[in-house]
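> If you scroll down you'll find the structure; I have some questions about it.
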Amino acid sequence: MHGRPRKAPTPEEQEAFSVKASKLRSLQSQFLQFHHAKIYTKEALDVSAKLLESNPEYYTAWNYRKLAVQHNLNLPEVENNEESVKSILDEELRLVENALKRNFKSYGAWHHRKWVLSKGHSSTDRELLLLGKFQKADARNFHAWNYRRFVTTLKNIPNEKELEYTTDMIYDNFSNYSAWHNRSVLLSHLLKEKAKGYCPKDNVFAEEYEFVRHALFTDPDDQSGWFYHLWLLDQTVKLETLLVSSWPPHGSNLSLSVDGSFGDCSLSPFTSRQTNTRILPLVLYFSEAVENVCSSTVVIECENIASNELVWRSLSGDGTGSAQAWLTYLNFPEEHAHSEKAYQVKVSLARSQGIFSSTGVHHGDFSHIEFSVSVPPYRSEHVDLKNEGKISWSDESFCTHDAQFLESVLVNLFHLERTKIDETVVDYQWNITTINNEISHCRELLSTMNCKIGKLTLARLLMAHDTLMSYAGTSHRNVSPHAEILQLYDDLKNMDPAHLHYYQDEYSIVLLKQIISNQELLLKHCREYRDPYFPRINNFCLRFNNLSLSRIGSMEQLLWVQVLDLSYNQLKTLEGSKLWNMASVGKLLTALATSYEGTCVMDQTQKEALAAISQGTYYCIVWSSDIPGLEVMQLLSCLNVSYNKLCSFTALEPLKLLRSLKVLDISYNEIGAHSIDTRRYLCSSPLNHRSGGDWKTEESEIHCAEVADYWEAYAIFKDLNLIQLDLKGNAVSNEKIKSLLIKLLPSLKWLDGESC
């Protein structure tokens, strides 16, 4: 268990196992006969009891006991006889107690005991005595702690008293994961209820930081206190939901072009928008995933645009109604005038309870952005982008922009980023001071010893501080923490090679944040595409190639990018990073015993959490929510991700939401090189029922034979309007898939450098 290697059984042990298995099979056979025949006699109950006392993990038998209890309680001679009812339920409690003696970590047994107590005919006083025995045997048994919360709720024991109990248990053994977790649950309730002595939370958290610090400094290598410290950090940086970025940005002046060109190099990214239509994407990016962004919660004021008719959609890979980024389209009418027409657009998020986060936090402040859009006069002629030549990603095709021009562009960029879009000034001083204090203590600890979890916590604290400073409007200060954070992750990669990939992902996210947040560093990655053979292809490009990136992040600061080069990195997906939170184990796995049929289907998040538990993190679990990836870059027209480690077409799923994407280079990756694609069922397919799946039988049958082998490619490319695609260098690249792609992409002009 928890990383300990299993020993091969001796012949004697193997023989004993065989005898036990034979007896269990006999009991199981008898039990199933009674179960299928719905027989609930004393003999049948005795058989099920023997089976459960031998194997408490047999969920079907626990569910049978529930059915039997319900049946017997409804008998006429029992229904109104309190003594008979109590006798039946006491027998169930006795059975559960015997089963727990066999395995006091049995989910089914603990859940059955809860079910019996919820009937209301049993005394709860004895339950705390029983819990005392179990917690004496194993003080960290999270089943017992979960059951304790259930019992104290039935007995109306105050949370304050239970908090004192967790304090005593932690003083007895500060390595008690479950006690720390129970403390976080109790404090959450007390803070939410604003109980006496627990409001405001500033003083409460100051005391809690001091309390956990004793454990951290006593044994820095023990992880239990660090988990609680991580929960405190999460509570400290948990702010009201903010609108942190948008496209178009506040204060910008845009000019739509209908000539099909890629723009003029003399224009900044904020003054030109290249498109064949008069449709402008409007993206709102929040500090966390939110729901209910719609025409009633977001008001748009603009001539000839009806705000209540706009349709908002979440930019999330799973197609759910919760996302950090939301998208709608502004459709400007065709004007027959002989000059440009300027439109003033104001986007307002009203001060209401309408927009709320997945954690229940509402967007309570009035926010607005304003920008102008110049629309050229209507022209009957139309330039087709398919007539343009092939775009090359070679170094010779890019040149450095004029330094003065680049500086003026980026000054504009950073100025717009700092523009205050929330009218209400929020004071983050307590949050910043608290994080600063914890950074000092963490550095003090690391000055005395080399502790890997201490280094990881310091890196997280520094990132949290940087985020808070950016929300406070002081992100571009003289001293940046990114270099120190990068060094910490470098140290961790050497100290803890078992988690190398995690540290590399975090390193990549911080590296991108460092580059994007610093005007001087970003200048080094800005290029101009200028091919002498195609003078009209002329664009502002970001080149993040050769950086060893394994993850992407900071997408909220790249909404304006139209040409992006991510080649020669280590990317395995184009999705964003993960946001990790703390939760109770019971909430994840109690479901295993809730089905009357003894089965439970876990979603992917639960499976990831279960994997974390199996590796030793059994006090608590973590679940992840996606932070947006490339899907939020709605202006992106050219993308190069060649020479990475993309192992399947499903890694490209964010691209499905990019209408503007015309040029894509995915050459020389690992697509098709792996016989098992671990991401296979994480995207919409004919083989699952994932939300957002839009498979249509009649469409699939058009290319039935081809789609059967390449349904991932079909799912990704069928709605794109690519002009140029490079696939060569992947194991999957062959004439069959090229034929499918040509049929799927009628606008395709260039495939692997050759004309279609």
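The values are calculated or read from the model by the stated rules, or taken from the named source; none is laboratory data. Please read all numbers here as calculations on a predicted model, not as lab measurements. We place every Cβ from the backbone using ideal geometry, glycine too, and count neighbours over all the protein chains shown. When the accessible area is computed, the model is the full protein with side chains, heavy atoms only, and any ligands, DNA or RNA have been set aside. Shrake-Rupley method; radii C 1.70, N 1.55, O 1.52, S 1.80 Å.
> Need at least 1 residues that are at pLDDT 90 or above and open to solvent by 30 Å² or more (accessible area, probe 1.4 Å) per element, so show me which strands (runs of 3 or more DSSP E) inside region 203-301 make the cut, counting only ones lying wholly within it.
298-301
> What number of residues in region 133-151 are open to solvent by less than 40 Å² (accessible area, probe 1.4 Å), in a helix (DSSP H, G or I) and more than 12 Å from Asn182 (Cα to Cα)?
Qualifying residue count for the region: 3.
> Sticking with this one: Just one of (1) open to solvent by 40 Å² or more (accessible area, probe 1.4 Å); (2) modelled with pLDDT of 90 or more; (3) not in a loop (DSSP other than H, G, I, E, B) trips up Ala325, so point out which.
That leaves (1) as the condition not met.
> Give the residue that is most open to solvent (accessible area, probe 1.4 Å), with candidates limited to residues of region 654-683 that are at pLDDT 90 or above and outside any loop (DSSP other than H, G, I, E, B).
Per the criteria, the residue is Lys656.
> With the requirement that a residue be under 20 Å from Glu43 (Cβ atoms), open to solvent by less than 40 Å² (accessible area, probe 1.4 Å) and of a type in the set (D, E, K, R), what does region 61-118 give you?
The answer is Arg65, Lys66, Glu92.
> Another question, if that's okay. Of the residues Glu83, Glu77, Glu92, only one is in contact (Cβ under 8 Å) with a residue 24 or more places away in the chain and outside any loop (DSSP other than H, G, I, E, B); which?
Among Glu83, Glu77, Glu92, only Glu92 is in contact (Cβ under 8 Å) with a residue 24 or more places away in the chain and outside any loop (DSSP other than H, G, I, E, B).
> Now a separate question. Being touching a helix residue (DSSP H, G or I) at 6+ places or on another chain (Cβ under 6 Å) and among the aliphatic types (A, V, I, L, M) is the filter here, so list the residues in region 131-187 that pass it.
Leu131, Ala144, Val151, Leu163, Met169, Ile170, Ala179, Leu186, listed by residue number.
> Can you pull out the strands (runs of 3 or more DSSP E) entirely within region 530-588 that have at least 2 residues that are modelled with pLDDT of 70 or more, of a type in the set (Ser, Thr, Tyr) and surrounded by fewer than 17 Cβ atoms within 10 Å (Cβ to Cβ)?
none
> Here are some conditions: (1) under 28 Å from Pro56 (Cα atoms); (2) open to solvent by less than 30 Å² (accessible area, probe 1.4 Å). Thr166 meets all but one. Which one does it not meet?
(1)
> Right, something else. Taking region 20-64 as the region of interest, how many residues are outside any helix (DSSP H, G or I) and under 45 Å from the mean Cα position of the chain (by Cα)?
Residues in region 20-64 being outside any helix (DSSP H, G or I) and under 45 Å from the mean Cα position of the chain (by Cα): 5 in total.
> Can you name the condition, by its number, that Tyr198 falls short on among (1) buried (at least 18 other Cβ atoms within 10 Å of the Cβ); (2) free of Cβ contacts under 8 Å to residues at least 40 places away in the same chain; (3) part of a helix (DSSP H, G or I)?
Every listed condition holds for Tyr198 apart from (3).
> Could you identify the single residue in Glu506, Glu484 that is without any contact (Cβ under 8 Å) to a residue 40 or more places away in the chain, open to solvent by 10 Å² or more (accessible area, probe 1.4 Å), part of a helix (DSSP H, G or I) and within 21 Å of Leu549 (Cα to Cα)?
Criteria check complete, one pass: Glu484.
> Something else now. So Trp62 clears everything in (1) modelled with pLDDT of 95 or more; (2) touching a Ser or Thr at 6+ places or on another chain (Cβ under 7 Å) except one condition, right? Which one?
Every condition holds for Trp62 apart from (2).
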